[in-house]
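Q: The structure is given below, and queries will be raised subsequently.
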Amino acid sequence: MKLKLMSKLTAMIILLGCAVMVNAQDATEAVDALKDGVAKKEAKDYVGAIESFKKCISIYEEIEEEDNDNAVTAANQIPSTQYKYAMSFYKVKKYDETLTALETLKEYSNTYNDAKYLKKAEKTIPKVYYAKGAGLLKAKDYAGAITALDKSLELDPKYSMSYVRKAQVYKAQKDETNFKTSVDAAISTATAKNDAKTLGAAKKLASGYYLKAGATAVKSEKYADAEKHFNTLMEYKAADSDVYYQLAVIYNKQLKWDAGIEAGNKALELFKDAGTTKDAKIFYELGNSYYGKGDKAGACDAYTKANKGDYAEAAAYQMKHVVKCL
């Protein structure tokens with residue numbers, strides 16, 4: 001009986017010894033997996049590194065040592081490694097692959113309780129959609145660009161540059177209504193964030209668009225359209241003498257004499273080249289406004305002041321043969 005008891009005890013000791021040996025062997029494998037993960041991460045083999053870190057964690061789970069410092073270290077390495085993996089695609093403009101990797105990063109961040117990298121993923125994804133949209137715009141894939149930029153704004157409605165890129169798409173498509181809506185949204189969000197760079201880009205884009213549109217309409221003798229475009233231009237660009245001069249011409253073409261006079265006087269108020277004859281064209285246009293209105297005295301005064309430089313001959317003719325100033 002005593003011999004039988006001793007045999008059982010001996011067996012238990014042997015089993016416990018084996019378990020200790022197995023655990024020791026597994027722990028060594030776990031450490032090796034962690035080291036392998038670190039080495040692969042440094043070598044930029046991010047997929048291989050993550051597999052090694054997962055192997056390390058798995059071994060510690062099997063031997064019921066989930067709280068081991070090495071297991072914790074391995075878990076902490078996975079989100080940062082996945083982020084580097086995502087950014088490796090971003091650097092070479094592989095945006096779809098970047099987005100897929102970032103979605104995986106969100107999963108890892110939740111699995112391993114890493115709030116820092118979860119925030120990084122959520123903040124970076126809208127930027128990647130923006131970059132994708134900008135690339136598609138450059139490639140003239142306008143539908144694809146709008147889809148990507150809309151996704152960027154869905155995830156971050158305050159991402160001002162996505163609105164700027166949308167405006168560029170609509171400019172290319174000659175869609176003035178959506179162009180203006182996008183530019184205004186860019187200006188609104190950029191102003192709210194004190195984003196001077198994007199604000200400047202949006203205003204420059206809009207002012208260039210409406211200046212060209214106004215000039216094109218004048219050339220095509222579409223004066224109502226030109227009037228609208230030049231007035232819209234002043235929503236985005238500080239008014240200057242040239243803009244009001246153009247408006248004076250446009251109003252006169254439409255027989256809007258009072259508006260022409262007001263625009264002409266505003267052009268003179270903003271005129272900055274005192275001492276030159278460059279204001280002659282403004283006075284000449286004012287003369288046309290006053291004459292059209294039936295104000296002979298005003299017309300003669302304006303034409304007299306326009307009688308210089310390139311406008312001397314035309315102004316003199318108007319005074320002598322048309323208005324018949326004394």
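Q: Before anything else, pin down the relative contact order of the stretch 239-326: Cα pairs under 8 Å, at least 6 apart, normalised by residue count, whole percent.
A: Relative contact order for the stretch 239-326 comes out at 24 percent.
Q: Give me D for the chain in µm² s⁻¹, whole number, from Stokes-Einstein with Rh from the Kirkwood sum over alpha-carbon pairs, 4 °C and 1.567 mPa s.
A: 50
Q: Let me ask something additional. Work out the length of the dipole vector of the stretch 26-139 about its Cα centre, built from +1 on the beta-carbon of each Lys and Arg and -1 on the beta-carbon of each Asp and Glu, and round it to the nearest 20 debye.
A: 1420
Q: Would you be so kind as to identify which of Val72, Tyr251, Gly208 lies farthest towards the positive end of the dipole of the chain, taking Lys and Arg as +1 and Asp and Glu as -1 on Cβ and the Cα centre as origin?
A: Checking the options against the dipole of the chain, the answer is Tyr251.
Q: With contacts defined as alpha carbon pairs under 8 Å and 6 or more residues apart, what's the relative contact order of the stretch 157-229 in percent?
A: Taking the mean separation of contacting Cα pairs over the length of the stretch 157-229, I get 25 percent.
Q: With +1 on the Cβ of every Lys and Arg and -1 on the Cβ of every Asp and Glu, and nothing else charged, how large is the dipole of the chain about its Cα centre, in debye rounded to the nearest 20?
A: Rounded to the nearest 20 debye, it is 1100 debye.
Q: Any chance you could check the Cα centroid distance between the stretch 36-95 and the stretch 217-272 for me, in angstrom?
A: Centre-to-centre distance over Cα atoms comes out at 64 Å.
Q: Please report, in debye to the nearest 20, how large the charge dipole of the stretch 196-317 is about its Cα centre when each Lys and Arg carries +1 at its beta carbon and each Asp and Glu carries -1 there.
A: 440
Q: Would you mind calculating the relative contact order of the chain from Cα pairs under 8 angstrom and at least 6 residues apart, reporting the percent as a whole number?
A: Computed value for the chain: 6 percent relative contact order.
Q: If you look at just the Cα atoms of the stretch 26-139, how large are its Rg and its Dmax in Å?
A: My reading of the Cα-based Rg and Dmax gives 15.8, 55 Å.
Q: Sort largest first and round to whole Å: the equivalent ellipsoid semi-axes of the stretch 157-229, each the square root of five times a Cα gyration tensor eigenvalue.
A: Values for the stretch 157-229, descending: 25, 11, 9 Å.
Q: Which loop-located GluC sites (Glu not before Pro) does the stretch 27-64 contain, where loop means any DSSP state but H, G, I, E or B and the Cβ has at most 11 other Cβ atoms within 10 Å?
A: Of the GluC sites (Glu not before Pro), the ones in loops of the stretch 27-64 whose Cβ has at most 11 other Cβ atoms within 10 Å are Glu64.
Q: Hey, what number do you get for the chain at 222 nm if only DSSP H runs of n ≥ 4 count, each worth -39500 (n - 2.57), divided across all residues, to the nearest 500?
A: Helix contribution divided over all residues of the chain: -26500 deg cm²/dmol.
Every number in this text was worked out from the coordinates using simple rules, so none of it is lab data. Quick caveat, the model's predicted, so the values are computed rather than measured. For neighbour counting, all protein chains shown are included, and Cβ atoms are generated from backbone atoms with ideal geometry for every residue, glycine included.
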